[in-house]
Amino acid sequence: MQEPLSKLRIEDLTTSNEAMARCLQLAALAAKSDVPVVLLGETGTGKTLLAHAIHNSSARAGRPFIAFNASAMSDTLLESQLFGHERGAFTGAQQSVKGKFELADDGTLFLDEISEMSPLAQVKILRVLEYGEFERLGSERMLTSNARIICASNCSLRERVQHGKLREDLYQRLNGLTLLIPPLRERIQELPALIAAELKAAALKEGKDITAIHPEAMEKLLHHQWRGNLRELNHTVQTMTLFCDGPVILPQHVIFPPDLEADRSVPGSEKTGVAFPNNQQSHARIDLSLASAVKRHVHFVYEQTNRNRRRTAKLLGISRATLARHLRNVA
Ligand SMILES: Nc1ncnc2c1ncn2[C@@H]1O[C@H](COP(=O)(O)OP(=O)(O)OP(=O)(O)O)[C@@H](O)[C@H]1O
Ligand SMILES: [Mg+2]
């Protein structure tokens with residue numbers, strides 16, 4: 001990635017895929033207005049990245065981009081996060097704090113994983129969107145926010161409404177312009193360029209002079225399903241760069257993260273270019289919890305390095321003490 005998220009603009013993103021090009025065109029259109037935007041795409045397709053790019057390309061670029069993820073949050077914390085609180089509003093509230101809506105005034109509020117939000121969060125957000133007004137916890141003073149809203153979801157919001165998980169009125173409020181980010185496996189013509197760019201950056205970072213990818217290594221990369229999309233691709237390229245100790249990436253350097261390896265079935269992908277992870281049956285067979293994924297991944301990298309703790313810690317980007325703690329849990 002050329003630019004940090006705080007600077008990234010839509011024109012920095014290029015693609016040779018038609019569906020992705022449409023998505024970027026819509027993103028450019030979205031940046032020219034204040035219309036609410038919904039970004040739909042599987043995990044790792046770049047929803048957060050695109051939200052930043054829309055903000056940075058918009059007239060609000062000089063104002064804050066505030067991200068909020070309300071899944072798994074207590075009600076008090078949720079309200080205080082969204083609207084802020086006054087000193088003494090609840091036990092432990094030692095000073096006044098601004099909420100996300102206040103912080104994002106004149107800027108952009110990015111509501112991540114909108115479909116996972118609790119019914120309370122949905123009611124609270126809807127109220128601000130409808131009236132543009134809110135109060136901090138412990139205060140009766142009305143505040144206003146004209147934050148521009150961008151939401152992200154990895155599943156169809158319409159389906160969530162149909163299943164009673166998302167309020168219809170909130171959905172209508174949020175659903176201005178919907179951008180479908182296609183999964184990486186439907187953008188395979190982009191793979192060589194994406195791999196080359198990421199490899200260049202990773203080799204530079206590691207101080208390695210890697211000049212080529214062996215055709216068999218490239219085959220492996222091109223035929224992978226990329227269930228974790230761009231995130232998995234970047235991770236894989238960084239890992240193969242670390243494993244590579246000569247000028248050429250060899251097939252044995254290409255190691256895919258194991259997280260979803262057990263479930264090879266690809267969730268139903270729609271003509272729109274977005275696949276939704278709605279294959280409940282196959283997902284039920286494996287433990288999809290984050291803790292379980294972390295455990296498997298740490299164990300996997302540890303074995304790949306022939307149980308070399310220093311290299312494992314480096315590959316995982318954690319300290320050796322943290323690794324030791326993980327390995328105790330893995331045992
Ligand atoms: N077009 C791209 N080129 C290179 N890297 C990208 C691109 N899009 C996304 N990435 C990288 O892929 C990773 C995942 O992107 P991002 O966090 O935006 O995905 P996401 O859809 O928000 O995922 P999640 O659903 O898990 O929140 C990040 O490291 C990001 O920098
Ligand atoms: Mg994200």
Leu233 passes all but one of the listed conditions (1) within 16 Å of ligand 1 (Cβ to nearest atom); (2) of a type in the set (A, V, I, L, M, F, W, C); (3) over 27 Å from Pro192 (Cβ atoms); (4) modelled with pLDDT of 65 or more; the exception is number (3)
Pick from region 45-68, criterion part of a loop (DSSP other than H, G, I, E, B) and within 22 Å of Gln81 (Cβ to Cβ), ranking: nearest to ligand 2 (Cβ to nearest atom)
Pro64
Just to be sure, is Thr14 at pLDDT 95 or above, of a type outside the set (D, E, K, R) and not in a helix (DSSP H, G or I)?
no
Residue, modelled with the highest pLDDT, within region 32-45, restricted to residues that are farther than 21 Å from Gln172 by Cβ and surrounded by fewer than 20 Cβ atoms within 10 Å (Cβ to Cβ)
Lys32
Evaluation of Leu8 against (1) more than 13 Å from ligand 2 (Cβ to nearest atom); (2) within 17 Å of Arg187 (Cα to Cα); (3) among the hydrophobic types (A, V, I, L, M, F, W, C) (one fails), failing number:
(2)
How many residues does region 188-210 contain that are surrounded by 17 or more Cβ atoms within 10 Å (Cβ to Cβ) and not acidic (Asp, Glu)?
7
Could you grab me the full set of residues in region 150-171 that are closer than 14 Å to Pro36 by Cβ, out of contact with any Ser or Thr (no Cβ under 8 Å at 6 or more places or on another chain) and among the aliphatic types (A, V, I, L, M)?
Leu170
Of the residues that make up region 140-149, is at least one assigned by TED's automatic domain parsing to the domain that holds Ala67 and under 20 Å from the mean Cα position of the chain (by Cα)?
yes
Does Thr15 fit the bill of being touching a residue at least 24 places away in the same chain (Cβ under 8 Å) and surrounded by fewer than 17 Cβ atoms within 10 Å (Cβ to Cβ)?
no
Extreme residue, nearest to ligand 1 (Cβ to nearest atom), among residues of region 149-187 that are without any contact (Cβ under 8 Å) to a residue 60 or more places away in the chain and buried (at least 20 other Cβ atoms within 10 Å of the Cβ):
Leu166
Residue hits (region 188-210; touching a residue at least 12 places away in the same chain (Cβ under 8 Å) and not in a helix (DSSP H, G or I)) are Lys208, Asp209, Ile210
Taking the stated definitions as given, is Gly88 on the phi > 0 side of the Ramachandran plot, within 13 Å of ligand 1 (Cβ to nearest atom) and not aromatic (Phe, Trp, Tyr)?
no
If Met20 passes every condition in (1) in a helix (DSSP H, G or I); (2) within 16 Å of ligand 2 (Cβ to nearest atom); (3) not acidic (Asp, Glu) but one, which one does it miss?
(2)
Please determine whether any residue of region 220-227 is free of Cβ contacts under 8 Å to residues at least 12 places away in the same chain, away from ligand 2 (no atom under 16 Å from the Cβ) and part of a helix (DSSP H, G or I).
no
Region 23-44, subset among the hydrophobic types (A, V, I, L, M, F, W, C) and more than 16 Å from ligand 2 (Cβ to nearest atom), residue nearest to Arg187 (Cα to Cα)
Leu24
Taking region 66-94 and keeping residues more than 31 Å from the chain's Cα centre (by Cα) and in contact (Cβ under 8 Å) with a residue 40 or more places away in the chain leaves Glu86, Arg87, Gly88, Ala89, Phe90
Of the residues Ser115, Ser58, only one is touching a strand residue (DSSP E or B) at 6+ places or on another chain (Cβ under 9 Å), polar (S, T, N, Q) and within 16 Å of ligand 1 (Cβ to nearest atom); which?
Ser115
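The values are calculated or read from the model by the stated rules, or taken from the named source; none is laboratory data. Every value quoted in this text rests on a predicted model; they were computed, and no experiment measured them. Every residue, glycine as well, gets a Cβ built from its backbone with ideal geometry; the counts of neighbours run over all protein chains shown.
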